[in-house]
């Protein structure tokens, strides 16, 4: 089951480790910055600063306003920051240069670029602008500040004059245009009034009052008609009851018709009288005319004679008949009145609606006339204000305080050194972190765990002092020796689930100490009771015979060529259970020899002579020898020198071995400087290592060494790998 590669996380200890690792670089950057700051403070030219103050007034207010009206602000309101920018502009600097050149008595001659470069203007709320001039000359600084302030006031006043002149021209044009529009609106309103004959604005109200009166009279007549018709129905029911008894009938004249004819005659007389005084469209004439027509219609519907019924109650019959005739006459009159009123209401409604529409149009015209009048008055008021402002030549700023002296600007040396030192320290730390991020070399076990896909076997620390390279013999109680013993245990643990007997030890590049690691591993395995053979399969630059001070021949090539048997080529060492097979004569074709069947036979036979066989080989990236051997042996151990091999080189080595179907047991980190890398766990070997000799043991050893002459050992000073 594949395990995911752990992700690297940085904490405070990692940053401290990086700063400790690159402390000299950080200090050099900080010291360089401090020296630069001190030098700059010493050579910085002496300069003077003069300050002038300008007060900025708000925009002037209108001089004229109507009764009950508050004064109105005129013109644009330029912000204080904008005016400060204007004070430091090139235009003000050009004007100041011109004014200074005109005053030759002061002997201050400068071009606008010098003034603009030395001036800084800042807005100070609520209404001030600070103008500062910086120059190497005290006189120039004062002159620049004062003349810039004066030029700003002059230019501000000129801007106001131009603005007022432009405003006056614009207002005069607008006043003429508005006056023409006002006159046109008045003429249009008067023309409509003449055409429609509407003189009084209350005409529509009078028509509405007349309409209301007609509607009230109509409702009253309709109510009276309803009552009369109900009364007629009741009388007719009473009359029907009288006719139930036996009667004798005889024709008699219709008295109801006679009464209608009498009413008709009276109405005709009234109509004739009204026509002598009014026209036919007069409401009273129309009402009587409708009454005459209604009576004529009713007379034509009534018979001239009726049958007289002789009843028992003749008096009651006559009374009911008279009441019916009277009620019908009244109903006929009410019908005529209702008809006249409905006709009048219809005509009056049409007239009122027409008047209302016309008056609405006239009201809109009147509103437009009022707007034009208000606009005209406002423009006239504004024009008067602008003319007075232009005549008064008012500005918006004035010089509040002139610069009388210029103060020297001195650079504080110690403050400059402190500031640049802090800046250099921060920059050095930042560059150190950047260099660490860009540095792809392997320094610590974390670089192997987090950046590669191979297992980590152990660390071989860098020795404190010069010692023999076979440190497990020269210093059996030293930290490197203990590291080799720990490495031996880690290898034994690593091969529990994949037993191995033949180990290839190689590295990505040369000079990483793989031969030294191979020799010391063979020693610690032999000291543990294992039968060990160390084979020098580096047929290009062999080194094991130097480390163990042995003869280089016969060796591996002698066995492969069939000149010597394995047991004859093996050389004993001073360590029990450890034998070495040197390289032998160097062949012209090492890779072909290692890839031959003779090498396969040798590998198959050599395991019969020992429990563990360690093969030392050339670097894997540079030569193909290690790649060939990795496919033939059980497993491979990679040696990486701390700080000398990049992660890319190690990954490429792993890729090559995996491509050759070789097995990689793990990586050994060699020559790691524990004191600089931040792995304080290993300080245990230096300060609290119980394997170190006690003072008493050291004294006994010194006495024994003084009593006996020193022994020469071939393992004390071999050449380096």
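The values are calculated or read from the model by the stated rules, or taken from the named source; none is laboratory data. Please read all numbers here as calculations on a predicted model, not as lab measurements. Ideal geometry is used to build each Cβ from the backbone, glycine not excepted, and the neighbour counts take in all protein chains shown.
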As an exercise: evaluate residue 383 against (1) modelled with pLDDT of 75 or more; (2) assigned to a helix (DSSP H, G or I) and give the number of the one condition it does not meet.
(1)
If I filter the stretch 439-453 for residues that are at pLDDT 85 or above and in contact with a strand residue (DSSP E or B) (Cβ under 6 Å, 6 or more places away or on another chain), do I get at least one hit?
no
Residue 585 fails exactly one of the following numbered conditions: (1) free of Cβ contacts under 8 Å to residues at least 40 places away in the same chain; (2) buried (at least 22 other Cβ atoms within 10 Å of the Cβ). What is the number of that condition?
(2)
Do you know which of the residues in the stretch 411-425 that are surrounded by 15 or more Cβ atoms within 10 Å (Cβ to Cβ) and within 33 Å of the chain's Cα centre (by Cα) is farthest from residue 40 (Cα to Cα)?
425
Pick out the one residue from 676, 647, 659 that is at pLDDT 90 or above, in the same structural domain as residue 579 (by TED's automatic domain parsing) and surrounded by fewer than 18 Cβ atoms within 10 Å (Cβ to Cβ).
659
Hey, can you tell me all the residues within the stretch 480-512 that are in a loop (DSSP other than H, G, I, E, B) and crowded, with 23+ Cβ neighbours inside 10 Å?
508, 512
Single match in 433, 470 (criterion: surrounded by fewer than 18 Cβ atoms within 10 Å (Cβ to Cβ) and modelled with pLDDT of 75 or more):
433
Please give the number of the condition residue 492 fails out of (1) closer than 15 Å to residue 634 by Cα; (2) touching a residue at least 40 places away in the same chain (Cβ under 8 Å).
(2)
May I ask you to list the residues in the stretch 619-648 that are touching a strand residue (DSSP E or B) at 6+ places or on another chain (Cβ under 9 Å), under 29 Å from residue 22 (Cα atoms) and in a helix (DSSP H, G or I)?
647
Contacts under 6 angstrom Cβ, first residue in the stretch 314-334 being at pLDDT below 80, partner part of a helix (DSSP H, G or I), 6 or more apart
317/242; 320/235; 320/238; 320/239
Among the residues of the stretch 282-300, are any closer than 30 Å to residue 211 by Cβ, outside any helix (DSSP H, G or I) and either in contact with a helix residue (DSSP H, G or I) (Cβ under 9 Å, 6 or more places away or on another chain) or at pLDDT 75 or above (or both)?
yes
Working carefully through the options 250, 236, 220, 263, find the one that is assigned to a helix (DSSP H, G or I) and modelled with pLDDT under 80.
236
Can you tell which of 156, 89, 120 is under 27 Å from residue 387 (Cα atoms) and either in the same structural domain as residue 404 (by TED's automatic domain parsing) or touching a strand residue (DSSP E or B) at 6+ places or on another chain (Cβ under 9 Å) (or both)?
156
Note down all Cβ pairs under 7 Å where the first residue falls in the stretch 160-173 and is within 22 Å of residue 56 (Cα to Cα), the second is part of a helix (DSSP H, G or I), and they're at least six residues apart or on different chains.
161/390; 164/386; 164/389; 164/390; 165/390; 167/386
Answer with yes or no whether residue 397 is within 60 Å of the chain's Cα centre (by Cα) and surrounded by fewer than 18 Cβ atoms within 10 Å (Cβ to Cβ).
no
Note: among 195, 183, just one is at pLDDT below 75 and either surrounded by 13 or more Cβ atoms within 10 Å (Cβ to Cβ) or part of a helix (DSSP H, G or I) (or both), namely 195
Starting from the stretch 111-122, take each residue that is at negative phi and list its partners that are surrounded by 16 or more Cβ atoms within 10 Å (Cβ to Cβ) and assigned to a strand (DSSP E or B), counting only C-beta distances under 6 angstrom and pairs at least six apart or across chains.
118/133; 118/134; 118/135; 119/133; 120/132; 121/129; 121/131; 122/130
